Each structure stands twice: as structure tokens, then as C-alpha cells.
1. Taking into account only those residues within the stretch 45-87 that are among the polar types (S, T, N, Q) and not in a strand (DSSP E or B), which is surrounded by the most Cβ atoms within 10 Å (Cβ to Cβ)?
2. Being open to solvent by 20 Å² or more (accessible area, probe 1.4 Å) and touching a residue at least 60 places away in the same chain (Cβ under 8 Å) is the filter here, so list the residues in the stretch 160-183 that pass it.
3. In the stretch 260-287, which residues are open to solvent by less than 20 Å² (accessible area, probe 1.4 Å), within 17 Å of Glu108 (Cβ to Cβ) and under 17 Å from the mean Cα position of the chain (by Cα)?
4. Please identify the pairs in which a residue from the stretch 355-377 that is at pLDDT 90 or above and assigned to a loop (DSSP other than H, G, I, E, B) has its Cβ atom under 6 Å from the Cβ atom of a residue that is of a type in the set (Asp, Glu) and open to solvent by 30 Å² or more (accessible area, probe 1.4 Å), counting only partners at least 6 apart or on another chain.
5. Identify, by number, the condition in (1) in contact (Cβ under 8 Å) with a residue 40 or more places away in the chain; (2) surrounded by 21 or more Cβ atoms within 10 Å (Cβ to Cβ) that Ala104 doesn't meet.
6. For Ala116, which of the numbered conditions (1) open to solvent by 40 Å² or more (accessible area, probe 1.4 Å); (2) closer than 20 Å to Ala296 by Cβ fails to hold?
7. Are there any pairs with C-beta distances below 8 angstrom linking a residue in the stretch 419-445 that is more than 15 Å from Gly395 (Cα to Cα) and modelled with pLDDT under 85 to a residue that is among the aliphatic types (A, V, I, L, M) and part of a strand (DSSP E or B), with the two at least 6 apart or on different chains, and if so which?
8. Of everything in the stretch 233-285 that's among the β-branched types (Val, Ile, Thr) and without any contact (Cβ under 8 Å) to a residue 24 or more places away in the chain, which residue is farthest from Thr393 (Cα to Cα)?
Amino acid sequence: MAAGSAQQDLWPVDIRRFAPFNANPRWLKARVTETLSLHYAMPWPNRELETARPFRRSPFHERLVARGAVFGSRMGWERPNYFSTGAHDREIAYGFGRPNWLDACAAEQRAARTAAALFDLSSFAKHRFEGPDAEPALQELCAGDVAIGVGESVHTAMLNPRGGIESEVVVARLAGDAFLIVSGSGQGVRDADWIGRNAGAKTRATLTDVTSAFAVLGLAGPRSREILSRLTDEPLDDAAFPPGTAREIAVGFETALVMRRSYAGEHGYELFVQTEFALGVHDALHEAARISASDAGHYALDALRIEFRAWGRETSPDVTPNEAGLEGVVRLDKGADFIGRSALARQERVTPKRRLVSLLGPEPGAQMVWGGELLLADGEPVGEVTSAAFCATLGGIAALAWVRADRRIDQRWLDARSFAIDVAGELMAVTASLTPFCDAEAAKMVKAPLDRRRKTA
């Protein structure tokens with residue numbers, strides 16, 4: 001397989017962030033008029049473009065409208081940002097301070113942590129990869145071991161020759177020669193191009209974009225198994241349906257590919273349902289949940305996932321798994337060579353001079369952390385915040401940030417320093433950790449001792 005060119009690794013100006021529908025002349029005229037008019041406007045955090053919308057809609061759209069969803073747009077998809085709780089948050093009030101939707105978002109987070117939350121994840125990019133060479137091709141494309149059994153899935157990454165992360169994906173084996181590749185909403189075109197160029201013309205496997213063929217519902221929370229069990233006769237206990245399972249099962253009157261996975265850091269499932277059956281599954285889940293689950297939007301999901309990494313924020317073609325703390329997505333010993341393996345093997349012998357760290361600060365007052373802020377250690381700049389959100393369960397701001405130093409960055413080095421985020425000129429003291437404040441694997445929140453938060457120098 002031929003590795004991608006360096007020119008195409010320049011992802012900030014990569015035309016693969018667009019899809020064919022973006023070339024529609026009427027859509028372009030409406031959207032370009034708006035984007036040009038905003039050139040000198042205030043760049044509010046989370047600013048949503050308004051023209052040529054609504055555009056791509058999941059089968060659940062009207063149900064979500066009726067329940068008070070306030071929508072954002074990603075790759076043309078209308079996605080609920082949050083669910084309005086009253087007149088005060090029916091529209092996003094843009095600003096840099098505490099947002100008007102924060103209480104609604106916090107309630108959705110608490111539902112996911114204490115009971116269950118239901119997310120519309122239909123905008124996930126989905127590709128079916130099948131043929132006699134599908135497994136060996138994926139083994140060379142993916143840093144993890146995808147020689148898994150039918151009905152299993154694995155979270156892994158596709159790397160470039162430098163070891164940089166071209167995409168984070170979930171690969172599920174549907175049959176002996178068929179796989180489903182799932183990635184973020186904005187990565188579908190990039191992923192298809194990367195796989196097509198690097199698999200090679202002689203690879204006996206076909207890649208098909210099936211994004212629009214399947215709607216996706218995410219059910220996450222400690223009561224998610226109980227809710228799903230009401231709709232299926234399949235056993236869902238750990239022995240019969242362990243983490244990573246990806247199996248077709250009956251859900252109500254329909255059949256869905258159910259993966260035991262959750263981006264929310266809680267026990268959960270992702271249900272991939274053929275579009276024409278999706279409303280039936282959605283309504284059945286709501287009926288089964290009754291008062292046990294809450295609709296939740298992508299603002300809550302982004303806060304719940306803050307201990308994970310997001311492609312385009314924390315990871316990119318210039319970031320390696322070792323730097324990002326994603327060693328778990330790599331299997332150097334899987335018995336097959338893969339793109340980027342040599343670079344990673346070399347990096348194992350070198351101490352990284354930058355590390356991605358977790359931060360925990362107080363509850364937001366007048367100021368909010370959004371990402372992009374300067375991180376200070378003992379008053380000196382050491383990095384930049386990449387993602388931040390109010391974490392309702394921890395009761396404070398949770399964030400991820402890159403830290404750079406001239407020596408090895410370990411927990412002892414972090415503990416010896418006073419960290420703060422520069423929020424519009426005011427310093428917010430934070431605790432820094434190489435390990436998450438949320439134990440996602442155990443699906444338990446770990447309260448960080450408040451007395452560990454150091455005051456700034």
C-alpha cells in the first residue's frame with residue numbers, strides 16, 4: 001500500500017472536510033453569503049451558521065423538535081445541541097460567559113450518569129468494507145488488531161507514516177469478509193479517501209458509504225441495560241454481551257446492529273438501525289424508558305466525553321498515539337505491519353516533550369472555558385486548552401490541554417507545579433493529571449480532592 005502524501009496531511013486546509021453536497025450551487029450561494037458576512041463579526045464560541053438549514057435530517061428530527069431540541073449543524077446534519085427547558089434557553093444566547101443552556105446541559109449529563117440518556121448519533125460516518133482482502137487491508141491500515149471475531153468490534157486509529165493520527169475509528173466485524181467502519185461526523189470523506197488511496201487498486205475489497213442507510217441511537221447510563229432488556233429476548237449480561245460486542249438483535253419489532261459502546265464514559269449501547277425502521281426503535285426505546293431516560297444533546301455528550309480524545313481537537317495527523325495517551329488503540333505486536341508502525345516503534349525509545357493532560361477547575365461563574373485558552377504553570381505559558389466543558393457530576397470545569405516541557409512530563413512533574421487557565425485575563429486555578437478524573441472504563445466518576453487544586457503563583 002502506498003502511504004498518503006505529505007501535502008494531503010495538511011488537514012486544516014484539506015478539501016476532504018467537504019462532501020459532494022457542498023457543491024450544490026444554491027446551497028453554496030446561501031452559505032457563502034453568510035460566511036463572508038461574518039468575516040469581521042465576533043467569533044462567538046460554538047457559533048452556528050444559519051443559512052441553508054435545516055439540511056440533512058435524521059428520521060427522528062420531528063420527534064426531537066417536539067421535545068424541545070435546539071439544533072446545531074455538523075457536516076450538514078441537524079443535531080440536537082441540547083433540549084430547551086423554558087423560554088430562557090429556546091435559542092442559543094452567544095457569549096463568552098456562562099451560557100444560557102448550561103443548566104439544561106447539566107441535567108442531561110446527570111441523567112446519563114444516574115439513569116440513562118438517549119442521543120441521536122445518526123451523523124456518524126459509516127462505511128462498509130467487504131471482500132476477500134478486507135481483513136488484511138484493514139490490518140495494514142489500522143494500528144490496532146482488527147483480526148477479530150464476527151460480532152466483535154475494536155476502537156483503533158489509522159496512522160500516517162509519521163505515526164500521526166489520520167482518523168480514529170470503530171471497526172466491527174459483520175461477517176468473515178465484511179466490516180463496518182464508524183468514525184466522526186466530519187470524517188467520512190477523509191476516511192474514504194485515505195482507505196481508497198492506501199488500500200490500493202489491487203485490493204479485493206469494496207468500500208461503500210452507508211452513512212445515510214443507518215440511523216444511530218446512543219443509549220448510555222447505568223440503567224441502559226435494563227431499558228434495552230425490555231425490548232429484546234437476547235441476554236445482555238457481561239458474559240453474553242461483553243464490552244465491544246457488535247451483534248444484530250431484535251429490538252422491539254425491528255432488528256438493529258447493537259454495539260456495546262458509549263462515547264459518554266458510561267455503560268451504554270449504540271444501535272445502528274436501517275433508516276426505514278429507525279422511528280420504530282426510537283419510539284420503542286422511549287416507551288421502554290418511560291421516566292428512566294432523558295433525551296440528551298451533543299453539548300452534554302461533549303461534556304461527558306471530555307476525558308476521551310476528539311479528532312480535530314486533541315488528535316490530528318500531527319499527533320501520535322503516544323503523545324495523546326492513546327497507546328491502547330495500538331498493537332505493535334499484532335503480527336502484521338501497518339502504516340506508521342516503524343515511526344511508533346522509534347518513538348517508544350524517545351521521551352515525548354508534549355503530553356495531553358486532564359484539567360479540573362471550579363464551577364464556572366461569570367467566565368467559561370471554551371478551548372483555545374492559554375495554560376500556565378507557575379505563571380509561565382506551557383500549553384493550550386483543546387476541549388473544555390462544565391462537568392455536572394464533578395461540579396467544575398473539566399478540560400484537556402497540551403503541555404510542553406524540556407523534560408519528561410510525568411505526574412510528579414505536574415504535581416510540583418501550580419497550573420492555571422488564562423480566561424480573558426483572569427487566572428482560573430486547575431489541577432492537572434495524566435489520568436482522567438473520570439474512570440471511563442469502570443464507568444465511575446472519581447472526585448478529585450479539592451485541596452489538590454493549587455493556587456497560582
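The values are calculated or read from the model by the stated rules, or taken from the named source; none is laboratory data. All values derive from a computational prediction rather than experimental measurement. We place every Cβ from the backbone using ideal geometry, glycine too, and count neighbours over all the protein chains shown. We work out accessible area using only protein heavy atoms, side chains counted, and drop any ligands, DNA or RNA first. Shrake-Rupley method; radii C 1.70, N 1.55, O 1.52, S 1.80 Å.
1. Ser58
2. Those that are open to solvent by 20 Å² or more (accessible area, probe 1.4 Å) and touching a residue at least 60 places away in the same chain (Cβ under 8 Å): Pro161, Arg162, Glu168, Val170, Arg173, Leu174.
3. Ala264, Gly265, Gly268
4. Close Cβ pairs satisfying both conditions: Glu373/Asp422.
5. Exception for Ala104: condition (1).
6. Going through (1) open to solvent by 40 Å² or more (accessible area, probe 1.4 Å); (2) closer than 20 Å to Ala296 by Cβ one by one, Ala116 breaks only (1).
7. From residues that are more than 15 Å from Gly395 (Cα to Cα) and modelled with pLDDT under 85, the pairs are Asp439/Met445.
8. Filtering the stretch 233-285 down to residues among the β-branched types (Val, Ile, Thr) leaves 245, 249, 251, 255, 258, 273, 275, 281.
From the residues that got through so far, the ones that are without any contact (Cβ under 8 Å) to a residue 24 or more places away in the chain too are 249, 255.
Details: Ile249: 33, Thr255: 34 Å.
Ranking the qualifying residues of the stretch 233-285, first place goes to Thr255.
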